[in-house]
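Report on the following structure.
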Amino acid sequence: MALNGLNVEQRQAAEAPLGHNLIIASAGTGKTSTIVGRIAYLLYSGVQPEKILLLTFTNKAAGEMLARLERYFSKEIVSVIESGTFHAVCYRWLKAKHGELVLKQPSELKTLFKSIYEAYDFSRLEGEPFSALYLYELYSLYQNASLDPFEDWFLEKYIEHEPFIDKYIAIIEKFEIEKREYGFVSFNDLLLRTIEELKISDIGFDEILVDEYQDTNTLQGSLIDAMKPNSLFCVGDYDQSIYAFNGANIENISTFTKRYKNANLFSLITNYRSTASILALANRVIEYNPRIYPKKLRVGREGEDNAPKLLVYHELFEQYHAISHAIKTSYVSYDEIAVIFRNNSSADGIEATLRELGIPCKRKGGTSFFDAKEVKFLLDMLSLKSNPKDMMAFLHIFEYARGVGPALAKEFFLALIHCGKGNLMNGILDPSVSSLPKTIRTQQSGLFQEEWIEEKKADIKSKHNHPLHAHDKISSENMKFFDDFCAYLRAVKYEKNPAKMLSQLIRSPIYLEVIENLSFARSRLKNGEVDTNKYNLAKERIYQKAKLLHELSTHYNDLSRFLNAMILGGSELSQGEGVNLLTVHASKGLEFLEVYVIDLMDGRFPNTKLMSKGGDLEEERRLFYVAVTRAKEKLYLSLAQYDKVKKTEFKPSIFLYEAKLLKEHEQLESSV
């Protein structure tokens, strides 16, 4: 029975009466076991599995919980429990009601937003407006963080931008119109549309379970309320709330017992992960933050207790070299070692020194695998095959055609739709209109020239017959790119299997050209020459990423399912084997035998730059708490006193004083 392995406080929470239940689960106290036990209790109590909804912050977490449940219940029962991230669950529900949705990554929507922004003239207004990308980020943050009108929310924070507000709102409204016109949906849209649907429909779950409740934002909180669950089971820890920059609202957890009458509060107080010394250090620091709910943790593991160790180095890269050498001589396997950092610049140094010693490592929390240009191109090609209306995919693809910018690519896109009488694929593969339009203009951006060349140039006419070849801006170089583009789409016209489509695409002339372009760009020296070794290495890495994407695609028979899985779950995937290089945010939920928290200098951790942009010391302290509680047996905290490249001196982080590893005015001595 799933409940038998729970301790007293875990079982009390798992067997809580239906209603509003909040479980405070500190680091390492077994929240996953408690959630699994709760679902088991519901099933034992007669709740139908399809009436249970499990909301998590990664699809991987949901999958692991369901896998545990299959130890006690049949796959037929577990498989009908609705589970996944907020976005994944909303996507499935909306798709079931309305059919296919075209999910777009933020990077793609930023391109669309920028194209609209640039059509507006701010020159007659006094002051400096926000850039297009910054305004997009603010709009996205607003959607997550507020239920008020955008103008009210915005002017409360940025009153000095009041002269620009009308144009800002016009840009946002146009952005929403164009998204609907092309059928694009953002991650926020999934939640917003579901909330609207719930005003006229009822999902009807008997209980909703929410993992990592401290990281929910205002929009997610509104979605939970809109679902009107008969029972709510929220699990989280206010000391691990670290996503304020992304709109997370700590008040969701801090006001739970005030917002819900007769709410029950449970605390998991036994830590099974870390040694007593590691846990004591974490508690000494986090107690400087206000205590929202009282909690007193006790150690649940036995064995050797290694006290956390402070490592002090004179110079920044001396720190990275020393830690790399320590890792090389450690008895712990590389996969059980993590180096955790607050800033990505820290990762560059430690990664370089590890590679220098031949130590394998994998990095997570920086640039996503799915943001790599070579991966994005492959996904864009498949996206266009899946959905020919996907203008953004078309624009990104033609970034690689020489002499073709976004504006010209947009001309090509609309021209091909014209040639196919409204159907892009017909316009590409079987154009029924043989000439280009004389004038096609849009109100805002004048995408087409007044006159288009109707007659093909003589040297083109003898070789080609596609109407687009008559465009006055097409050249022999981008014409070849277009022809390779057409050839690939013609080759996979009837193919439905994503792995077969990818295999053919990776070998195609159009992708070979993309590989050449990227490899040359990544190996070009400052003097313009190409470093042959760097070129070959860049090419090899591109093929490795393409191979990994192909491997992922073999698990899918349907192209649409594959593409949506990559968009919804891509950020959860990591590559390679070896030492784990992690931002604090990426380390959340993980644990390792040996942990190094590096660059603990004032200004870097806590990060004063981010604090000045809306963060605060309490959030930085929660980040420190999360970082150190990843360690099970050994914890090393390191800092450097000087950066010889930038000629900068550092002072120790305030957290080292709060942890009682340093005393005020103490003279530091180097560890080497």
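The values are calculated or read from the model by the stated rules, or taken from the named source; none is laboratory data. This is a predicted model, so every value here is computed, not measured. We place every Cβ from the backbone using ideal geometry, glycine too, and count neighbours over all the protein chains shown. For the accessible areas, the whole protein counts, side chains as well, though only heavy atoms, and no ligand, DNA or RNA atoms are used. Shrake-Rupley method; radii C 1.70, N 1.55, O 1.52, S 1.80 Å.
Overview of values
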quantity: Criterion (touching a residue at least 12 places away in the same chain (Cβ under 8 Å), open to solvent by 40 Å² or more (accessible area, probe 1.4 Å), assigned to a helix (DSSP H, G or I) and charged (D, E, K, R)) met by exactly one of Arg301, Arg284; calculated: Arg284
quantity: Only one of Ser115, Ser107, Ser140 that is part of a helix (DSSP H, G or I), small (Gly, Ala, Ser) and within 16 Å of Ile169 (Cβ to Cβ); calculated: Ser140
quantity: Which numbered condition Asn59 fails, given (1) within 26 Å of Val628 (Cα to Cα); (2) open to solvent by less than 10 Å² (accessible area, probe 1.4 Å); (3) touching a helix residue (DSSP H, G or I) at 6+ places or on another chain (Cβ under 6 Å); calculated: (2)
quantity: Selection from the range 134-154 of residues that are aliphatic (A, V, I, L, M) and surrounded by 14 or more Cβ atoms within 10 Å (Cβ to Cβ); calculated: Leu135, Leu138, Leu141, Ala145
quantity: Number of positions in the range 470-492 that are of a type in the set (D, E, K, R) and at pLDDT 90 or above; calculated: 2
quantity: Filter result (at pLDDT below 90 and on the phi < 0 side of the Ramachandran plot) within the range 294-314; calculated: Pro294, Lys295, Lys296, Leu297, Arg298, Val299, Gly300, Arg301, Glu302, Glu304, Asp305, Asn306
quantity: Candidate set: the range 399-426, residues that are charged (D, E, K, R) and part of a helix (DSSP H, G or I); chosen: the one surrounded by the fewest Cβ atoms within 10 Å (Cβ to Cβ); calculated: Glu399
quantity: Breaking point among (1) crowded, with 24+ Cβ neighbours inside 10 Å; (2) closer than 16 Å to Pro308 by Cβ; (3) over 29 Å from the mean Cα position of the chain (by Cα), for Glu658; calculated: (1)
quantity: Residue match in the range 370-385 (condition: at pLDDT below 80 and open to solvent by 30 Å² or more (accessible area, probe 1.4 Å)); calculated: yes
quantity: Residues of the range 264-281 classified as of a type in the set (A, V, I, L, M, F, W, C) and open to solvent by 30 Å² or more (accessible area, probe 1.4 Å), total; calculated: 5
quantity: Residue ranges of helices (runs of 4 or more DSSP H) in the range 47-101 with at least 2 members within 27 Å of Ser201 (Cα to Cα) and at pLDDT 90 or above; calculated: 75-78, 86-98
quantity: Residues located in the range 209-222, provided they are under 21 Å from the mean Cα position of the chain (by Cα) and open to solvent by 20 Å² or more (accessible area, probe 1.4 Å); calculated: Glu212, Thr218
quantity: Matching residues, the range 476-502, being open to solvent by 40 Å² or more (accessible area, probe 1.4 Å) and of a type outside the set (D, E, K, R); calculated: Ser476, Ala487, Ala491, Tyr494
quantity: Tally of residues being open to solvent by 10 Å² or more (accessible area, probe 1.4 Å) and either farther than 19 Å from Leu112 by Cα or β-branched (Val, Ile, Thr) (or both) across the range 386-398; calculated: 1
quantity: Qualifying residues in the range 1-35 (those that are open to solvent by less than 10 Å² (accessible area, probe 1.4 Å) and among the β-branched types (Val, Ile, Thr)) - the one farthest from Gly204 (Cα to Cα); calculated: Thr29
quantity: Complete set of residues in the range 334-348 that are open to solvent by 10 Å² or more (accessible area, probe 1.4 Å) and either at pLDDT below 80 or under 18 Å from the mean Cα position of the chain (by Cα) (or both); calculated: Arg342, Asn343, Asn344, Ser345, Asp348
quantity: Residue list for the range 624-672, restricted to those being modelled with pLDDT under 90, among the β-branched types (Val, Ile, Thr) and under 25 Å from Phe592 (Cβ atoms); calculated: Val672
quantity: Total residues in the range 246-270, condition in contact (Cβ under 8 Å) with a residue 60 or more places away in the chain and acidic (Asp, Glu); calculated: 0
quantity: Candidate set: the range 155-180, residues that are among the aliphatic types (A, V, I, L, M) and free of Cβ contacts under 8 Å to residues at least 12 places away in the same chain; chosen: the one surrounded by the most Cβ atoms within 10 Å (Cβ to Cβ); calculated: Leu155
quantity: Candidates Tyr243, Tyr238, filtered to the one that is touching a residue at least 24 places away in the same chain (Cβ under 8 Å), open to solvent by 30 Å² or more (accessible area, probe 1.4 Å) and of a type in the set (Ser, Thr, Tyr); calculated: Tyr243
quantity: Subset of the range 503-532 (residues that are of a type in the set (Phe, Trp, Tyr) and either touching a residue at least 40 places away in the same chain (Cβ under 8 Å) or surrounded by 15 or more Cβ atoms within 10 Å (Cβ to Cβ) (or both)); calculated: Tyr511
quantity: Yes/no for Ile327 being open to solvent by less than 10 Å² (accessible area, probe 1.4 Å), assigned to a loop (DSSP other than H, G, I, E, B) and modelled with pLDDT of 80 or more; calculated: no
quantity: Filter pass, Leu54 being out of contact with any helix residue (DSSP H, G or I) (no Cβ under 8 Å at 6 or more places or on another chain) and crowded, with 21+ Cβ neighbours inside 10 Å; calculated: no
quantity: 3 or more residues over 29 Å from Leu512 (Cα atoms): qualifying helices (runs of 4 or more DSSP H) within the range 331-398; calculated: 344-356
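Residues checked against (1) at pLDDT below 90; (2) within 25 Å of the chain's Cα centre (by Cα); (3) within 23 Å of Lys588 (Cβ to Cβ):
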{"position": "Tyr139", "(1), (2), (3)": "no, yes, no"}
{"position": "Phe154", "(1), (2), (3)": "no, yes, no"}
{"position": "Tyr158", "(1), (2), (3)": "no, no, no"}
{"position": "His161", "(1), (2), (3)": "no, no, no"}
{"position": "Ile165", "(1), (2), (3)": "no, no, no"}
{"position": "Ile195", "(1), (2), (3)": "no, yes, no"}
{"position": "Ile203", "(1), (2), (3)": "yes, no, no"}
{"position": "Glu207", "(1), (2), (3)": "no, no, no"}
{"position": "Ile224", "(1), (2), (3)": "no, yes, yes"}
